[in-house]
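Visitor: Okay, handing you the structure first.
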Amino acid sequence: MIYLTGGPPHQDMVDLKPDAPADIRGEFQPIATNVPGIQISELMPRCAQMMDKFAIIRTLVESDGRHSSFQCVTGRRFASQPAGGWPEMGSLLSKVRGPVDRAVPPTIDLSMKMAHLPYNLPGAGFVGKAHAPFKPSGEAMKDMVLSGVTPARLNDRKTLLKKFDDYRREFETGLPEGVSEHTKQALEILTSSKLVDALDISREDPRVRERYGKDDPKVLSYSHLGYQAHMSKFLAARRLVEAGARCVTVAFADFDWHGGNFANGRKVIPLLDRGLSALVSDLHERGMDRDVSVVVWGEFGRTPKINKNAGRDHWAPVCAAMLAGGGMTTGQAIGKTDANAERPVSRPIRFADVFATLYRNLGFDTAKATVSDLNGRPRYLTDEGRPLPELAGSL
């Protein structure tokens with residue numbers, strides 16, 4: 001999942017309106033793609049050349065209108081949450097499917113800590129902290145290496161810890177659920193190099209690394225607040241999924257451009273184009289395109305009308321998404337907006353519908369699959385979402 005924090009301008013990326021008035025159409029021109037009839041922004045030439053491997057949704061509706069990752073990573077509206085809160089998709093996958101490899105966490109968050117706290121992923125919700133996404137940054141990275149402790153000595157500590165835990169279970173009220181799972185996962189990570197190796201992109205073929213591009217930590221003037229367009233994260237995401245992660249989330253840059261929409265767009269959108277096209281090409285070349293789904297979106301769109309600061313403001317009535325892989329039918333644009341990219345005129349699609357589609361790609365029957373909340377009540381993976389028939393492919 002590529003989360004475009006802040007709300008990307010759909011009318012400057014995948015739903016351009018060149019015939020709209022100047023104060024709506026903006027400064028960027030549409031270009032043809034390799035799929036007849038589909039045009040996207042001139043700032044995205046790489047994706048345009050491989051549009052047959054993407055599906056665009058131009059009529060995404062029911063945004064909460066909140067500056068938050070919540071809806072993008074849970075598929076739920078923020079209101080009316082159960083006790084403990086709704087879990088992220090990766091946390092649900094961790095709970096229901098468990099790890100592919102005990103040495104690799106099932107769900108991984110590659111984003112930096114962002115200054116606006118609701119942008120940061122909300123966590124595991126009612127499925128518990130044992131299923132929270134692993135965040136390999138800062139202190140967590142230092143803790144992934146055995147410092148001054150041999151594997152044999154670590155094993156002695158593991159045995160001693162088990163004895164303490166057994167004692168506490170016998171004579172006290174028991175350990176909180178999730179504590180032992182945390183410990184098991186930590187020990188598996190420490191006694192295997194698989195996760196560290198996957199995160200080490202220096203191990204990658206230099207030609208592949210070059211395709212993804214180089215990190216520039218100062219693309220945006222406020223990058224120091226955690227909003228960085230790190231190209232290496234796209235490559236790390238592929239390597240982590242290849243190593244066994246079930247869900248990887250990348251927060252890319254920030255698109256809250258109330259001012260300087262076009263100046264910032266010229267810096268950031270080409271980088272997204274490069275990283276995303278490299279990722280999807282890589283998945284196809286490695287034969288992973290049917291097994292791995294990619295979704296790219298933000299929490300809402302931007303206003304059709306350009307403001308006095310050459311920016312676009314928040315716009316919840318419609319936004320857009322790009323999808324790839326997962327065995328989905330690609331090479332299409334779903335839905336149509338009005339002349340100003342203001343509202344849908346056909347095929348409105350909800351965030352929940354996209355989640356239902358992603359779950360279907362992963363082999364779930366969303367009409368039946370459930371997970372229990374803190375009260376033992378079974379909860380559907382998505383209550384309202386319906387898999388999109390347009391993306392059914394050969395599944």
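Readers should treat all values here as calculations from the given coordinates under stated rules, not as data from a laboratory. Predicted model, so just to flag it, every value in this text is computed and none were measured. Glycine gets a Cβ as well: all are built from the backbone with ideal geometry, and neighbour counts include every protein chain shown.
Visitor: Which ³J(HN,Hα) values, rounded to whole Hz and listed in residue order, are derived for the stretch 3-20 from phi using the Karplus coefficients 6.51, -1.76 and 1.60 in 6.51 cos²θ - 1.76 cosθ + 1.60 with θ = phi - 60°, glycine and proline given as x?
Guide: Along the stretch 3-20, the couplings run 8, 8, 4, x, x, x, x, 4, 6, 10, 10, 10, 9, 6, 10, x, 8, 6 Hz.
Visitor: Looking at the stretch 195-255, which trypsin sites (Lys or Arg not before Pro) are in a loop (DSSP not H, G, I, E or B) and have at most 14 other Cβ atoms within 10 Å?
Guide: Those satisfying the criteria are K214, K218.
Visitor: Follow-up question, since we're still on this one. Which value at 222 nm does the chain reach when only helices count, each DSSP H run of 4 or more adding -39,500 (n - 2.57), with the total divided by all residues and rounded to the nearest 500 deg cm²/dmol?
Guide: My calculation for the chain gives -9000 deg cm²/dmol from helical runs alone.
Visitor: Another question, then. Around D313, under 9 Å between beta carbons, what's the net of Lys plus Arg minus Asp minus Glu among the other residues?
Guide: +3
Visitor: Provide the per-residue ³J(HN,Hα) series for the stretch 197-211, in order, calculated from phi with Karplus coefficients 6.51, -1.76, 1.60 and θ = phi - 60°, each as a whole number of Hz, with x at glycine and proline positions.
Guide: So the Karplus estimates, Gly and Pro as x, are 5, 5, 6, 8, 6, 5, 7, 6, 3, x, 5, 5, 4, 4, 4 Hz.
Visitor: Compute the length gained on full extension between D101 and A22: take 0.36 nm times their separation in residues and subtract their Cα-Cα distance, giving the result in nm to one decimal.
Guide: 23.1 nm
Visitor: Using a Debye calculation, one point per C-alpha and no hydration shell, please list log10 I(q)/I(0) for the stretch 293-395 at q = 0.12, 0.13, 0.17, 0.21 Å⁻¹ in order.
Guide: With no solvent term, the Cα-only Debye profile gives -0.51, -0.59, -0.87, -1.11.
Visitor: Take the cross-link list K135/K194; K95/K135; K95/K233; K194/K233 and give me the ones stretching past 21 Å between alpha-carbons.
Guide: Among K135/K194; K95/K135; K95/K233; K194/K233, the Cα-Cα distance tops 21 Å for K95/K233.
Visitor: Now, a different point. What FRET efficiency, computed as 1/(1 + (r/R0)^6) with R0 = 41 Å and r the Cβ-Cβ distance, is obtained for A367 and K336, rounded to the nearest 0.05?
Guide: In this case the efficiency is close to 0.90.
Visitor: How much length, in nm to one decimal, is gained on full extension between K194 and N309, taken as 0.36 nm per residue of separation minus their Cα-Cα distance?
Guide: The K194-N309 span can extend by a further 36.6 nm.
Visitor: Follow-up question, since we're still on this one. So what are the ³J(HN,Hα) numbers for the stretch 239-249, from phi and the Karplus equation (6.51, -1.76, 1.60; θ = phi - 60°), rounded to whole Hz, Gly and Pro as x?
Guide: 5, 5, 5, 4, 7, x, 5, 7, 8, 10, 10
Visitor: Considering only the other residues whose Cβ falls under 12 Å of the Cβ of S202, what net charge follows from Lys and Arg at +1 and Asp and Glu at -1?
Guide: After counting each charged neighbour, the total is -1.
Visitor: Determine how many Å³ per residue the convex hull of the Cα atoms of the chain encloses.
Guide: With only Cα atoms used, the chain gives 142 Å³ per residue.
Visitor: Summing +1 for each Lys or Arg and -1 for each Asp or Glu, what net charge is found among the other residues whose Cβ lies under 10 Å from the Cβ of F351?
Guide: Here the charged neighbours net out to -2.
Visitor: Charges at C-beta only: +1 for Lys and Arg, -1 for Asp and Glu. How large is the resulting dipole of the chain about its Cα centre, in Debye rounded to 20?
Guide: 340
Visitor: Under a point-charge model restricted to the Cβ atoms of Lys and Arg (+1) and Asp and Glu (-1), what is the dipole moment magnitude of the stretch 282-395 relative to its Cα centre, in debye to the nearest 20?
Guide: Charge dipole, the stretch 282-395, about its Cα centre: 340 debye, nearest 20.
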